[in-house]
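Only one structure is covered here, and it is reproduced in the block below.
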Amino acid sequence: MQQKNQTRSNKSRTDATRSALIKAARVLFSEKGYAETSTPEVVKAAGVTRGALYHHFEDKVDLFRAVVMQEYLDVAAAITESATDNPKSAIDALQQGSRGYLKAMQDRGRVRIMLLDGPAVLGHRELGKIDRETSADALRLGLEQAMQAGQIRTLPVEALTIQLSALFDRAALAISEGDDPEAHLQVLDAILETLG
């Protein structure tokens, strides 16, 4: 019995250490950027040892990948929550999802991590893999289902998913630089309506 409790306690400590490292790194990466953040700063901010960092992560890139993955998961949850708020049609679900995405991306640190440093540090191929594992598959599946149901016209789904994702990302970047979110939503709504 004590062995089970000790194992559970060790796992809890391990999870807490990993979580502390990801949270500390997220703050530093969002404030300073990847290049200007050092692993000793992350260790200090997380209140752990350097050995703990390297127990959980191979290197700074691996830690950054974990932060990016968490950001993508958080954004995917925001999209799903907004897109499932009783949509009237496939187009409405896409429009609600775009609102959820842009709302989630109002965090300038998230924009820096996902859209600026992410491609530079991890590359587009790795980011595409993370995107597919988190939110792009939901978009792709939604588009496929809408096409099969005849709610939107049939188009090459891979290309459509990539291009819609790019539209959303560019809008998020522009809004993070001060553009009017409503103007971008108006344009995105109009573009999405052309799919019907």
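Expressed as a whole number of Å, what is the distance separating the alpha-carbon centroids of the stretch 101-175 and the stretch 57-97?
One Cα centre to the other: 9 Å.
May I have the count of lysine pairs in the chain with C-alpha atoms under 17 Å apart, counting pairs 8 or more residues apart or located on different chains?
Details: K23/K32; K23/K44; K23/K60; K32/K44; K32/K60; K44/K60.
For the chain, the number of qualifying lysine pairs is 6.
Counting Lys and Arg as +1 and Asp and Glu as -1, what is the net charge of the other residues whose Cβ lies under 11 Å from the Cβ of T134? Intermediate results must be reported in sequence, preceding the final value.
Details: positive: K129, R132; negative: E71, D74, D131, E133, D137.
That works out to -3.
Could you please put K32, K129, K11 in sequence from largest to smallest accessible area, using a 1.4 Å probe? Spell out each step's value before the answer.
Numbers: K32 75, K129 95, K11 120 Å².
Result, largest first: K11, K129, K32.
What is the local net charge at G109, summed over the other residues whose Cβ is closer than 14 Å to its Cβ (Lys, Arg +1; Asp, Glu -1)? List each step's numbers first, then the result.
Numbers: positive: K23, R26, K32, R108, R110, R112; negative: E31, E36, E71, D74, D107, D117.
Neighbourhood net charge equals 0.
What accessible area per residue, rounded to a whole number of Å², is obtained for the chain using a probe radius of 1.4 Å?
Details: 11120 Å² over 196 residues.
That works out to 57 Å² per residue.
For the chain, give the magnitude of the charge dipole about the Cα centre (Cβ charges: +1 Lys/Arg, -1 Asp/Glu; no others), in debye to the nearest 20.
Details: 24 positive and 27 negative charges, 207 e Å.
Dipole magnitude for the chain comes out near 1000 debye.
In deg cm²/dmol and to the nearest 500, what is the mean residue ellipticity at 222 nm of the chain if only DSSP H runs of at least 4 residues count, each as -39500 (n - 2.57), divided by the residue total? Don't skip to the end; give the middle numbers.
On the way: 10 runs with 148 residues, N = 196.
Using -39500 (n - 2.57) per qualifying helix, the result is -24500 deg cm²/dmol.
Can you check what the net charge comes to around A20, using other residues whose Cβ is under 12 Å from the Cβ of A20 (Lys, Arg +1; Asp, Glu -1)? Please list the in-between numbers first.
Numbers: positive: R13, R18, K23, R26, K44; negative: D15.
Value of the local net charge: +4.
Compute the distribution of all C-alpha to C-alpha distances in the stretch 1-149, in bins of 5 Å from 0, and list the percent of pairs in each, rounded to whole numbers.
Using 5 Å bins, I get a P(r) of 2, 9, 16, 17, 16, 13, 10, 8, 6, 3, 1, 0 for the stretch 1-149.
Got a number for carbon plus sulfur as a percent of the chain's accessible area, 1.4 Å probe? Numbers along the way, then the final one.
Working: 5800 of 11120 Å².
Heavy-atom surface of the chain belonging to carbon and sulfur, 1.4 Å probe: 52 percent.
Cα gyration tensor of the stretch 102-196, axes a ≥ b ≥ c as square roots of the eigenvalues: rounded (a/c below 1.5), prolate (a/b > b/c) or oblate? Please report the intermediate quantities before stating the final value.
On the way: a/c = 2.63, a/b = 1.31, b/c = 2.00.
Oblate, since a/c reaches 1.5 and b/c is not below a/b.
Which of rounded, prolate or oblate describes the stretch 48-136 when judged by the alpha-carbon gyration tensor and an a/c cut-off of 1.5? Could you put the intermediate results ahead of the total?
Details: a/c = 2.63, a/b = 2.37, b/c = 1.11.
It is prolate, given that a/c is not under 1.5 and a/b is the larger ratio.
Run the numbers on the chain and let me know its relative contact order in percent, using alpha-carbon pairs under 8 Å that are six or more apart.
Working: 165 pairs, mean separation 42.2, N = 196.
Contact order relative to length: 22 percent.
Select from A83, G150, Q106 the residue farthest towards the positive end of the dipole of the stretch 74-152; place +1 on Cβ of Lys and Arg, -1 on Cβ of Asp and Glu, and compute about the Cα centre.
After comparing all options, I get Q106.
The values are calculated or read from the model by the stated rules, or taken from the named source; none is laboratory data. Please read all numbers here as calculations on a predicted model, not as lab measurements. Methodologically, a virtual Cβ is constructed for each residue, glycine included, from the backbone with ideal geometry; neighbour enumeration extends over all protein chains shown. For the accessible areas, the whole protein counts, side chains as well, though only heavy atoms, and no ligand, DNA or RNA atoms are used. Shrake-Rupley method; radii C 1.70, N 1.55, O 1.52, S 1.80 Å.
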